[in-house]
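See below for the structure under consideration.
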Amino acid sequence: MRPLIAVVLALGATSSLPAQTAGDATSFAASADVRARIVALEKTMKPGQGFAMAPLVQADGTSVSLEYWKAPGKPAVHPDEAEYATVMAGSGTLVSGGTLVAPKLRFPGLVEGDQIEGGTTRKLAVGDVFLIPAGTPHWFGIDGKLVMLGTKIRTSGHRKPSQ
């Protein structure tokens, strides 16, 4: 056995990770829980409903949510939030960057438009990871379904959506 491996195995045998305590604010979802929540989220969707979202874990005002897409929404910009996501199931297309055409404030934190001009198109598949900076137009095309684990990350500065 190699010396480094022997040391790691010996340390693993004699020490353990700290136990979770009542003061631990960590929010956790096991893989089986995530898969079950995806199935449950799909079952809550009504016929013709193109999008559903459900929080999965939360801590310090940040929420990681499952997003279940069956149909594309409108191109969008989150002026004060970056969006980090991992594709969990299905496939689709991400168009990002460029200019949001005919932007309209839908509600604070969300500007929607009619289309994106000059964006970059990427195919999305299970395991893909992306980070859309705050203020960046984006849109998802859907191939049957697209399930993502997404986090909105509040930014300190305010950026104007591309117009």
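Any read-out appearing in this document is the output of simple, stated calculations on the displayed coordinates, not a laboratory observation. In this text the structure is predicted, and so the values were computed from the model without any measurement. Here the Cβ is made from the backbone with ideal geometry for all residues, glycine too, and neighbour counts use every protein chain on show.
Brief remarks on what is shown
- Efficiency of FRET between residue 86 and residue 114 - r from beta-carbon atoms, R0 30 angstrom, step 0.05: 0.60
- Applying 1/(1 + (r/R0)^6) with R0 = 45 Å to the Cβ-Cβ distance of residue 93 and residue 26 gives a FRET efficiency near 0.85.
- Taking one quarter of the surface of the C-alpha convex hull of the range 48-163 gives a mean projected area of 7.0 nm².
- Whole-Å distance, taken between Cα centres, linking the range 21-61 and the range 106-150: 20 Å
- For residue 51, the shell of other residues with beta-carbons less than 9 Å away shows a net charge of 0, using +1 for Lys and Arg and -1 for Asp and Glu.
- Packing here is the average count of other Cβ atoms within 10 Å per residue, and on that basis the peptides 28-35, 111-118, highest first, run 111-118, 28-35.
- For residue 74 and residue 62, the difference between the fully extended length at 0.36 nm per residue and the C-alpha to C-alpha distance is 1.9 nm.
- Sequence-distant lysines (8 or more away, or on other chains) whose Cα lies within less than 28 Å of residue 46: 70, 74, 104, 123, 145, 152
- Computed on the range 48-163, with alpha-carbon pairs under 8 angstrom and 6+ residues apart, the relative contact order is 38 percent.
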